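Okay, structure first, notes after.
The values are calculated or read from the model by the stated rules, or taken from the named source; none is laboratory data. Bear in mind that the values here come from a model prediction, so they are computed numbers and not experimental data. Here the Cβ positions follow ideal geometry from the backbone for every residue, glycine too, while neighbour counts run over all protein chains shown. Surface accessibility is based on the protein's heavy atoms, side chains included, excluding ligands, DNA and RNA. Shrake-Rupley method; radii C 1.70, N 1.55, O 1.52, S 1.80 Å.
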Number of protein chains: 2
Amino acid sequence: MMENPDFDLRDFVPYLLNQAAEASSLEFQRLYKARYGMLRAEWRVLFHLGIYGRMTAREICDRSAMHKTKISRAVQKLADRRFLTRDPSDLDRRAEHLELTAAGSAAYRDLMAAAADYDARLMQGFTAEETALLRQMLRRLAAMR
Amino acid sequence: MMENPDFDLRDFVPYLLNQAAEASSLEFQRLYKARYGMLRAEWRVLFHLGIYGRMTAREICDRSAMHKTKISRAVQKLADRRFLTRDPSDLDRRAEHLELTAAGSAAYRDLMAAAADYDARLMQGFTAEETALLRQMLRRLAAMR
DNA sequence: AGGTATTGGTTGATTTTGTAACTAACAAGG
DNA sequence: CCTTGTTAGTTACAAAATCAACCAATACCT
């Protein structure tokens with residue numbers, strides 16, 4: 001527990017991360033909200049299913065580190081909008097396999113393209129090396145939980 | 001709007017930022033919650049007043065990019081706990097100058113030391129150069145809003 | 001001065017999130 | 001089988017965030 005009298009809270013990494021996360025999410029958030037009326041949890045579930053394909057809520061939970069109630073509610077809304085189907089598992093009748101419908105898949109591809117575009121814009125002031133290092137550091141920090 | 005068919009959403013910077021922000025905030029959040037029963041908004045107001053000294057809610061709002069209702073409620077709670085005093089401004093009678101009390105100041109210094117410590121632990125797997133670059137990039141991303 | 005717009009700050013209603021408790025299904029051990 | 005423990009997912013309730021409306025003070029404009 002060493003003291004550091006020169007520490008400036010404006011440099012506190014969790015604080016900076018939160019500021020950067022909020023600022024960088026804002027515009028994209030408006031996009032999926034405006035286009036599909038989605039919340040962040042819904043967008044995340046959508047994109048997990050888009051990337052990994054058919055999977056259960058539990059698997060999304062493991063991979064995304066979202067809380068299971070958030071996922072449960074997001075899945076419900078996406079199912080209401082016919083963006084995904086729920087298919088009870090034969091092996092474990094508690095679990096359901098979730099899978100994007102054609103509409104869900106289209107929304108996923110649309111938002112994925114928008115995200116790629118947005119990401120490029122966001123990072124355009126940085127070099128490729130800086131961006132790669134940033135991603136790598138963020139992944140490590142995220143994995144520390 | 002150029003297409004990038006190779007883009008992986010797991011590399012989407014806003015997503016990584018959110019994951020890293022959440023993971024890195026978690027432990028520290030528990031600390032100020034346990035020690036002072038504070039919410040994140042309260043801790044932020046506290047530390048803005050600790051850093052900048054006497055200032056109004058509006059100034060905190062500008063500097064922190066928190067919503068004014070969150071600040072208003074955080075200020076109320078901190079005032080209830082006698083962590084700050086509210087002093088109506090002479091120049092503008094709508095505004096109040098906020099200032100930490102001795103107790104508020106002590107809490108600030110305590111948490112500030114804990115933050116410094118936590119920050120060091122968080123970044124100990126990275127080089128000083130990497131950490132400096134990370135901070136710099138986060139500041140730029142945060143300022144983009 | 002008088003009218004209108006803007007600003008600092010608060011409040012209440014609505015939405016979203018987090019916490020716990022719960023149901024139903026499975027699993028392991030005897 | 002029967003008990004105990006665990007797991008997938010949902011629901012109910014409490015805590016918190018967001019949004020719109022609001023009040024009072026100030027600024028702007030003529």
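Some observations on this one:
- Region A:24-143 - percent of accessible surface contributed by carbon and sulfur, probe 1.4 Å: 49
- Shortest first, residue A:87 label-point distances to identical copies amount to 6.9 nm, with the label point at 7 Å from Cα along Cα→Cβ.
- From most to least packed by mean Cβ count within 10 Å, the peptides B:79-90, A:76-87 give A:76-87, B:79-90.
- Positive-end residue, chain B charge dipole about Cα centroid, Cβ charges, pick of B:114, B:26, B:76: B:76
- Efficiency of FRET between residue A:97 and residue B:8 - r from beta-carbon atoms, R0 25 angstrom, step 0.05: 0.60
- Annotation: per residue accessible area for chain B equals 55 Å², rounded to a whole number [probe 1.4 Å, protein chains only].
- The mean number of Cβ atoms from other chains found within 10 Å of a Cβ in peptide A:102-115 is 2, as a whole number.
- R0 of 51 Å, Cβ-Cβ distance residue B:124-residue B:90: FRET efficiency to nearest 0.05: 0.55
- Protein-protein interface of region B:42-81, residues with accessible area decrease of at least 30 Å², isolated chain reference, 1.4 Å probe: B:44, B:47, B:51, B:52
- Couplings 3J(HN,Hα) of region B:139-144, computed from phi: 4, 5, 5, 5, 7, 6 Hz, in residue order, whole Hz [Karplus 6.51 cos²θ - 1.76 cosθ + 1.60, θ = phi - 60°; x for Gly and Pro].
- Applying the Karplus relation 6.51 cos²θ - 1.76 cosθ + 1.60 with θ = phi - 60° to region A:107-124 yields 3J(HN,Hα) values of 4, 4, 4, 4, 6, 4, 5, 4, 5, 4, 5, 5, 4, 4, 4, 4, 9, 5 Hz, where x marks Gly and Pro.
- Per-residue packing, averaged as other Cβ atoms within 10 Å, sorts the ranges B:50-59, A:8-17, B:130-139 into the order A:8-17, B:130-139, B:50-59, beginning with the highest.
- What sits nearest the axis between copies A and B, counting only chain A Cβ atoms, is the residue and whole-Å distance A:21, 2.
- Interface of B with A. Using a 1.4 Å probe and counting protein heavy atoms only, the two chains hide about 5900 Å² of accessible surface, both sides summed.
- Assigned charges on the beta-carbon of Lys, Arg, Asp, Glu; the protein assembly as shown dipole about Cα centre (debye): 1200
- Compactness of region A:24-143, expressed as Rg and Dmax over alpha-carbon positions, Å: 15.7, 50
- Computed [θ] at 222 nm, helices only, for chain A once each DSSP H run of length n ≥ 4 contributes -39500 (n - 2.57): -21500 deg cm²/dmol
- Under a model in which nothing but the beta-carbon of Lys, Arg (+1) and Asp, Glu (-1) is charged, region B:26-143 shows a dipole of about 420 debye around its Cα centre.
- Residues whose placed amide H lies under 5 Å from that of residue A:96, excluding near-sequence neighbours: A:57, A:89
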